[in-house]
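The values are calculated or read from the model by the stated rules, or taken from the named source; none is laboratory data. All of these numbers come straight from a predicted model, not from anything done at the bench. Virtual Cβ from ideal backbone geometry, glycine too; neighbours counted across all protein chains shown.
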Amino acid sequence: MDISAIGQSVLSSMYQANNSKKPDATSMANSLMEKLDTNSDGSLNADEISNAEGDLAEKITGADSDEDGSVSLEELIADITKFEGGMRPNMPPPPPSEDDAEDMATNIIDELDTNKDGVLSLDEIMAGGEKAEKILDADSNGDGQVTEDELVEDITKMQQQMETENKISSLTDLALNTYASATNILESDDSLLSLAA
């Protein structure tokens, strides 16, 4: 098999993976266990995990929920399931909903609006301490006051920015995992070529 055939094999595998049903957490965990569990004890120890490519070793280590130094099939399945559901380890939680934005704005107004007129004046904002600069950013019309509507709009923009950042992070992780998988396929094909030679 020449290099172009290997490349076609990788592309074909990636095409099939993208156009077929996505494997479930159990099959993905079983596949990882088959490849890495060299002593066939049903769990991955530190030495076996270190054989994983790229940042996959770190991700597998993070699946050790009982912190016993090895990762069982059940722990892998649970971790992959969390990843698939968007609750990736070490990632911030999803941004609050629009209702939460309104609640947050109301809480800020209630906390800082000392004269209870429903608007935050510059003096009231400055009394907010660390929050003052962020609250001032919400003054979209530049009148030196912040209304609840301006706060909701600003909080919603921040939520959208967080969602975008989370999507970019997810796409980056996907790209890294795809690259690692392609590299593994190429390396296994190279190993087979060297054995055949």
* When only residues in the stretch 35-45 that are over 23 Å from L174 (Cβ atoms) and without any contact (Cβ under 8 Å) to a residue 24 or more places away in the chain count, which is surrounded by the fewest Cβ atoms within 10 Å (Cβ to Cβ)? -> S40
* To do: Would you mind finding the one in T106, T81, T114 that is surrounded by 12 or more Cβ atoms within 10 Å (Cβ to Cβ), in contact with a helix residue (DSSP H, G or I) (Cβ under 7 Å, 6 or more places away or on another chain) and at pLDDT 85 or above?
  => T106
* To do: For the stretch 54-73, state whether one or more residues are at pLDDT below 85, surrounded by fewer than 16 Cβ atoms within 10 Å (Cβ to Cβ) and among the hydrophobic types (A, V, I, L, M, F, W, C).
  => no
* Asked: Does N184 meet the test of being in contact with an Asp or Glu (Cβ under 7 Å, 6 or more places away or on another chain), surrounded by 12 or more Cβ atoms within 10 Å (Cβ to Cβ) and at pLDDT below 75?
  -> yes
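Given the condition touching a strand residue (DSSP E or B) at 6+ places or on another chain (Cβ under 9 Å) and within 22 Å of D113 (Cα to Cα), answer yes or no: does some residue in the stretch 152-165 qualify?
yes
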